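Q: Here it is, the structure, as structure tokens.
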Amino acid sequence: MAPTVTSMEASNGHEVPKVASIKTLADSASLTFVPSEYTYTKNPNEQGDANDPEHSIPIIDFALLTLGSPDQRAKVIQELRRACEEWGFFQVTNHGVPESLMQSMIRACHRFFDLPEEEKKEFQTRNLLDPIKCGTSFNVDIEKVHLWRDFLKVIAHPEFNSLYKPAGYSEVSLEFSKRTREVATEILKGISESLGLEAGYIAKAMNWDRGLQILAANYYPACPQPDKAIGLPPHTDHGLVTLLIQNEMGGLEVKHKDQWVLVNAAPGAFIVNIGDQMQILTNDKYKSIWHRAVVNNKATRISIAVPHGPSLDTPALPIPELLERGGQAPKYIGMTYEKFMELQASPAALTKPCLDHLRVKHN
């Protein structure tokens, strides 16, 4: 992903054109329209709707999952199975992570984006798995349209990394990443059980104790023409499960039954979605769902997505017990998580979805 710099040598020796951070652009007093390089055309028939009750993402009560009676837990496991099968997205309430900590994490990220551009330059890098990286858009070298978004990505597990600025970021991010991972671990156990497996099956198979956790903060400033720009275009997540929080400005849309649904999250809830590695493991039983981030003309939206994946050297393969039980052949070949992440960031991902690159070809 390209950093926000004045110019940089590309691999072919040519200079990469200057791409300012979206914050710099949006803070310009003269900005009254979306520049052509940011103009994104959405299908007018695919607008989000958060008001239809049939289009509300399911709610999973974490307290009943972890502390409830056996009957309560069994009921929540069934609700989790339905949520994974029918939506691939759900919100988790009563998870025990203080809402004050979640808000502190959002504020800390906001303070980072508010730093002068010069102070953020040391974290700008093109290397996919650098412990700390920030930038703008997605990959300005290969994309046709720039995104209305700046980002910060910090690897929090298996080794914890953090910023030394802004003040207070490190302490908040350490506690937030630890508490979020605890929630993700319990969700993974529930998903394993929802598949008829032992609670620890997926964690053991995916080397969860060495698994990757990334704190990925997104900054979407107010846009003068929100219908002509996009924060993040339709995509799926690369990991096993992603947990997301956001400030008071919504903007996450999920594709459900061929419609874009605007997610209205309950206050203090985590929004959770299934990732590509889980789709591979379940041989398409639980699908990694397309979602996007739209922008608004009122105020800045900040979201923090926390993808959790296998260890980088672990390949996901369809689970043999599930294949045997369903009389199915595996639909995917193996690829290490690191290679899969490299694929997602490559030009090949622009031609067809990453999972399609791994699908078994039948004659």
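Q: How much of the DSSP bridge set in the stretch 43-357 is antiparallel, in percent, rounded to the nearest 5?
A: Taking every DSSP beta bridge within the stretch 43-357, about 90 percent pair in antiparallel fashion.
Q: Stretch residue 117-residue 31 to full length: gain in nm at 0.36 nm per residue minus the Cα-Cα span?
A: Taking 0.36 nm per residue and subtracting the Cα distance, the gain is 29.1 nm.
Q: Same structure, new question: Heavy-atom accessible area of residue 99 with all protein chains present, probe 1.4 Å, nearest 10 Å²?
A: Counting only protein heavy atoms, residue 99 exposes about 90 Å² to solvent.
Q: Now, a different point. Can you run phi through the Karplus equation (6.51, -1.76, 1.60; θ = phi - 60°) for the stretch 214-230 and list ³J(HN,Hα) in whole Hz, with x for Gly and Pro?
A: 10, 8, 10, 9, 10, 10, 10, x, 4, 10, x, 9, x, 6, 10, 9, 9
Q: Counting only Cα atoms, I'd like the Rg/Rh figure for the chain, Kirkwood definition for Rh.
A: Details: Rg = 20.1 Å, Rh = 21.1 Å.
We get a ratio of 0.95 for the chain.
Q: Could you calculate the FRET efficiency of residue 67 with residue 175 from 1/(1 + (r/R0)^6), where r is the beta carbon distance between them and R0 is 22 Å, rounded to 0.05?
A: Values: r = 21 Å, r/R0 = 0.97.
Calculated value: 0.55.
Q: Here is a follow-up. Which whole-number value in Å² is the accessible area per residue of the chain, probe 1.4 Å? List each step's numbers first, then the result.
A: Working: 16340 Å² over 363 residues.
Per-residue value: 45 Å².
Q: Going by accessible area, probe 1.4 Å, with all protein chains left in place, what is the ranking of 149, 107, 126, largest first?
A: Final ranking, largest accessible area leading: 107, 126, 149.
Q: While we're on this one: What is the gain in length, in nm to one decimal, between residue 160 and residue 352 on full extension, counting 0.36 nm per residue of separation less the C-alpha to C-alpha distance?
A: Working: separation 192, 0.36 × 192 = 69.12 nm, distance 3.33 nm.
Full extension of this stretch gives 65.8 nm more.
Q: Using a 1.4 Å probe on the protein chains only, how many percent of the accessible area of the stretch 208-261 belongs to carbon and sulfur?
A: 48
Q: So what is the calculated 222 nm ellipticity per residue for the chain, using -39500 (n - 2.57) for each DSSP H run with n of 4 or more, over all residues, to the nearest 500 deg cm²/dmol?
A: Only helices count here, giving -8500 deg cm²/dmol.
Q: Taking residue 228 as the anchor, which lysines have their alpha carbon closer than 20 Å to its alpha carbon, excluding any fewer than eight residues away along the same chain?
A: List returned: 23, 42, 144, 255, 298.
Q: Relative contact order of the chain: what whole-number percent is it, with Cα pairs under 8 angstrom and at least 6 residues apart? All intermediate terms of the calculation are to be shown ahead of the outcome.
A: On the way: 721 pairs, mean separation 73.4, N = 363.
Computed over the chain, the figure is 20 percent.
Q: Relative contact order for the stretch 204-363: what is it in percent, counting Cα pairs under 8 Å that are at least 6 residues apart?
A: Contact order relative to length: 31 percent.
Q: Using alpha-carbon positions, what is the distance between the centroids of the stretch 266-288 and the stretch 197-211, in Å?
A: The stretch 266-288 and the stretch 197-211 have Cα centres separated by 15 Å.
Q: Moving on. With a 1.4 Å probe and all protein chains kept in place, how much accessible area does residue 64 have, in Å² rounded to the nearest 10?
A: Rounded to the nearest 10, the figure is 60 Å².
Q: Please sort by residue number the chymotrypsin sites (Phe, Trp or Tyr not before Pro) in the stretch 120-225 whose DSSP state is loop and whose Cβ has at most 10 other Cβ atoms within 10 Å.
A: 164
Q: Dividing the alpha-carbon radius of gyration of the stretch 253-363 by 2.2 N^0.38 Å (N being the number of residues), what value is obtained?
A: Working: Rg = 16.4 Å, N = 111, 2.2 N^0.38 = 13.2 Å.
Normalised Cα radius of gyration, the stretch 253-363: 1.25.
Q: Also, quick follow-up: Counting other Cβ atoms within 10 Å of each Cβ, which trypsin sites (Lys or Arg not before Pro) in the stretch 269-363 have at most 11 and sit in a DSSP loop? Display every interim value, and only then the final one.
A: Values: sites: 285, 287, 292, 298, 301, 325, 331, 339, 359, 361; in loops: 285, 287, 298, 331, 361.
Counting only loop positions with at most 11 other Cβ atoms within 10 Å, the trypsin sites (Lys or Arg not before Pro) in the stretch 269-363 are 298, 361.
Q: In terms of Cα to Cα distance under 18 Å, which aspartates and glutamates are near enough to residue 75, apart from those fewer than 8 places away along the same chain?
A: List returned: 61, 85, 86, 186, 193, 198.
The values are calculated or read from the model by the stated rules, or taken from the named source; none is laboratory data. Since the structure is predicted, the reported quantities are computational estimates derived from the model, not experimental observations. Note that we place each Cβ from the backbone using ideal geometry, even for glycine, and neighbour counts take in every protein chain shown. Calculation scope for accessible area: heavy atoms of the full protein, side chains included, ligands and nucleic acids excluded. Shrake-Rupley method; radii C 1.70, N 1.55, O 1.52, S 1.80 Å.
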